[in-house]
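The values are calculated or read from the model by the stated rules, or taken from the named source; none is laboratory data. The structure presented is a predicted model; accordingly, all values stated were derived computationally and were not measured. All Cβ positions, even for glycine, are placed from backbone atoms using ideal geometry, and neighbour counts span all protein chains on display.
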Amino acid sequence: MYSEQWRDVVGYEGLYQVSSLGRVMRVIQRDADGKVVRKAKMLRSSPRDASGRMGVALRKDGAARTHYVDRTVLDAWVGPIGVGQTVLYGRGIADNSVANLSYGSPPVRVGRERKRYRGVCVRRSDGIMFISMAQAAEFSGIDESGIRKVCKGRADRAGGWGWERVD
């Protein structure tokens with residue numbers, strides 16, 4: 001077992017840090033005179049989607065935004081995600097340590113798994129196929145409703161991509 005190490009959260013440098021074990025912390029903030037404005041605090045993560053991925057709310061310039069802990073850990077410790085990649089887990093979704101996480105190609109799901117899932121399969125304009133609009137939205141980092149609008153012909157693109165239903 002190795003000791004816990006900390007790095008700044010990408011985009012929130014000086015405000016938040018993420019550890020090698022997957023914990024997120026608000027760092028101490030001081031004003032120009034050195035007086036403490038906000039104390040350091042360990043943030044509580046909670047499940048943010050049906051699969052159980054953990055998320056935390058990070059605040060910057062008065063606006064709060066929810067970030068998945070796994071992506072936050074990988075951004076700080078490995079680097080930004082590549083095009084066409086997703087987060088892969090070695091020992092399960094609950095472990096957000098650097099040792100458990102990596103980037104890789106999304107699993108291709110067709111055949112029986114597609115029939116077992118009751119969602120609508122969609123294909124992105126670059127040819128990547130997803131078993132549901134929810135999976136496509138999460139992978140592409142956009143809202144599911146945008147994909148639905150493109151598939152129904154109410155919009156041309158969502159997240160810079162064209163989308164189509166696959167029956």
| message | For segment 105-133: of the residues being modelled with pLDDT under 80 and not in a loop (DSSP other than H, G, I, E, B), which is nearest to the chain's Cα centre (by Cα)? | response | Phe130
| request: Answer yes or no as to whether Leu74 is closer than 29 Å to Arg124 by Cβ, aliphatic (A, V, I, L, M) and touching a Gly at 6+ places or on another chain (Cβ under 8 Å). | output: no
| The lone exception for Arg26 - which of (1) within 16 Å of the chain's Cα centre (by Cα); (2) among the basic types (Lys, Arg); (3) buried (at least 19 other Cβ atoms within 10 Å of the Cβ) it fails | (1)
| query | Quick one: which of Asp31, Asp49 is more than 25 Å from the chain's Cα centre (by Cα) and of a type outside the set (Val, Ile, Thr)? | reply | Asp31
| note | For segment 22-46, pairs from a residue that is touching a residue at least 12 places away in the same chain (Cβ under 8 Å) to a residue that is of a type in the set (Phe, Trp, Tyr) and part of a strand (DSSP E or B), with Cβ under 9 Å and 6 or more apart or across chains, are Arg23/Trp6; Val24/Tyr16; Met25/Trp6; Met25/Tyr16; Arg26/Tyr16; Val27/Trp6; Val27/Tyr16; Leu43/Tyr16
| message | Residues that are in the same structural domain as Leu15 (by TED's automatic domain parsing) and modelled with pLDDT under 80: does segment 65-83 have at least one? | response | yes
| remark: The correct count of residues that are of a type in the set (Gly, Ala, Ser) and either closer than 20 Å to Val98 by Cα or touching a helix residue (DSSP H, G or I) at 6+ places or on another chain (Cβ under 7 Å) (or both) in segment 22-56 is 6
| Criterion violated by Ala136 - all others in (1) touching a strand residue (DSSP E or B) at 6+ places or on another chain (Cβ under 6 Å); (2) part of a loop (DSSP other than H, G, I, E, B) satisfied | (2)
